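Okay, structure first, notes after.
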Amino acid sequence: LGKTIPSLAVVYGIKAKTYMWFEDYANAATYAQKAIEASGASPVTAAQWEDPNTGFCQANQAWMWYIHYDAETMRNLANFTGWMSGEADWGYSSLTRPSIDASLYNKIADTDFRKYTFVDPLVDDYGPWKYQTIGDQEWRDAMLTPYLSLKFRCGNGNMMDYAEGAAVDVPVMRIEEMYITEAEAVGLSQGVEAGVTLLNNFMKTYRDANYSFATQKVETLQAECLLQKRIEFWGEGCAFYDAKRIKPGVMQ
């Protein structure tokens, strides 16, 4: 079964998340680091993130735990991809157009490759030079609406047949969550500067070489860690519990 069942690294990760919920930041930092070490995982690369055939639909070295959909046990509407993929044509996503909130999109740096997961509302020509998709020009002209998410791809790039396009892997826990969790937990248990250093190291190494964050305030570090989780795990649900814990306020 491999990573479809929890490993020791996943157990450490769950403990880190639980300690965060109870605001026991010293233990959260300890178990986040244990999860990183035990997993042997490394973050998703830009090439993996943007791959139109396998992006967030095929498990890779960053995924610590995932579920898998089989064609024999699902229907066209009863699957993750049909709701969350901006390319799927068999579920409700082709009607609802799953999109990022504009206020969150605007907080992503232009040098951060994750921004190109979402369609820029100011770009007139949605060509393949920027948005990697197997859709042809006619599809791009009609379907690449502002802020649309292209994060969750259809299996093997099959946009039309749910039996193949939705028979995918869906992430439950990724190693990136442990890196950002550790940064916040260390900042609250060992000093803000130590947490800022960890967050900068993660972002510069894996997401945006131009990233630079500085603060001496715990609350600002927490807000930045939450922001990076919201960007990193859009559609995966990981940031919800951190938002409830940190209570940053809600925009409506």
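Label positions at Asp161 and Thr18, each projected 7 Å from the Cα along the C-beta direction, are separated by 4.4 nm. Mean projection of the Cα convex hull over all viewing directions, computed for region 128-177: 4.8 nm². With the simple spin-label model, which puts each label point 7 Å out from Cα in the Cβ direction, the Asn106 to Thr197 separation comes to 3.6 nm.
Accessible surface of the chain, 1.4 Å probe: 53 percent of it comes from carbon and sulfur atoms. Annotation: region 1-97 has a Kirkwood hydrodynamic radius of 15.6 angstrom, from the mean reciprocal C-alpha pair distance.
Taking square-rooted eigenvalues a ≥ b ≥ c of the alpha carbon gyration tensor, is region 147-241 rounded, prolate or oblate, where a/c under 1.5 means rounded and, failing that, a/b exceeding b/c means prolate? Prolate, because a/c is 1.5 or more and a/b exceeds b/c. Qualifying trypsin sites (Lys or Arg not before Pro) in region 192-238, where qualification requires a DSSP coil assignment and no more than 13 other C-beta atoms within 10 Å, comprise Lys217. From the alpha carbon centroid of region 2-24 to that of region 49-79 is 21 Å. Taking a ≥ b ≥ c as the square roots of the eigenvalues of the Cα gyration tensor of region 159-208, is the shape rounded (a/c under 1.5), prolate (a/b larger than b/c) or oblate? Taking the square roots of the gyration eigenvalues as a ≥ b ≥ c, region 159-208 is prolate. Annotation for Asn53 and Asp120: the two label points, set 7 Å from Cα along the Cα-Cβ direction, are 2.8 nm apart.
With N the number of residues in the chain, Rg(Cα) / (2.2 N^0.38 Å) evaluates to 1.02. By its C-alpha gyration tensor, with a ≥ b ≥ c as the square roots of the eigenvalues, how is region 65-154 shaped: rounded for a/c under 1.5, else prolate for a/b larger than b/c, else oblate? Cα axes put region 65-154 in the prolate bin. Amide hydrogen proximity for Val172: with H placed 1.01 Å from N in the peptide plane, the residues at 5 or more positions away or on another chain lying under 5 Å are Trp65, Tyr66, Ile67.
For the chain, the relative contact order is 24 percent, taking Cα pairs closer than 8 Å that sit 6 or more residues apart in sequence and dividing their mean separation by the residue count.
Radius of gyration (Cα atoms) of region 62-107, expressed as a multiple of 2.2 N^0.38 Å: 1.43. Over region 120-199, Cα pairs under 8 Å with separation of 6+ residues give a relative contact order of 17 percent.
Taken per residue, the accessible surface of the chain reaches 47 Å², heavy atoms only and a 1.4 Å probe.
The mean sequence distance of close C-alpha pairs (under 8 Å, at least 6 residues apart), as a share of the length of region 1-138, puts its relative contact order at 19 percent. Among 85-95, 99-109, 174-184, sorting by the average number of other beta carbon atoms lying within 10 angstrom of each residue, highest first, gives 174-184, 85-95, 99-109. Taking 0.36 nm per residue of sequence separation and removing the Cα-Cα distance, the Asp141/Ser42 pair yields an extension gain of 32.1 nm.
The length gained on full extension between Val218 and Ala26, counted as 0.36 nm times the residue separation minus their Cα-Cα distance, comes to 67.7 nm.
The values are calculated or read from the model by the stated rules, or taken from the named source; none is laboratory data. Just so it is clear, the structure is predicted and the values come from calculations on it, not from any experiment. Note: ideal-geometry Cβ built from the backbone for every residue, glycine included; neighbour counts use all protein chains shown. Keep in mind that these areas ignore ligands, DNA and RNA; they rest on the heavy atoms of the full protein, side chains included. Shrake-Rupley method; radii C 1.70, N 1.55, O 1.52, S 1.80 Å.
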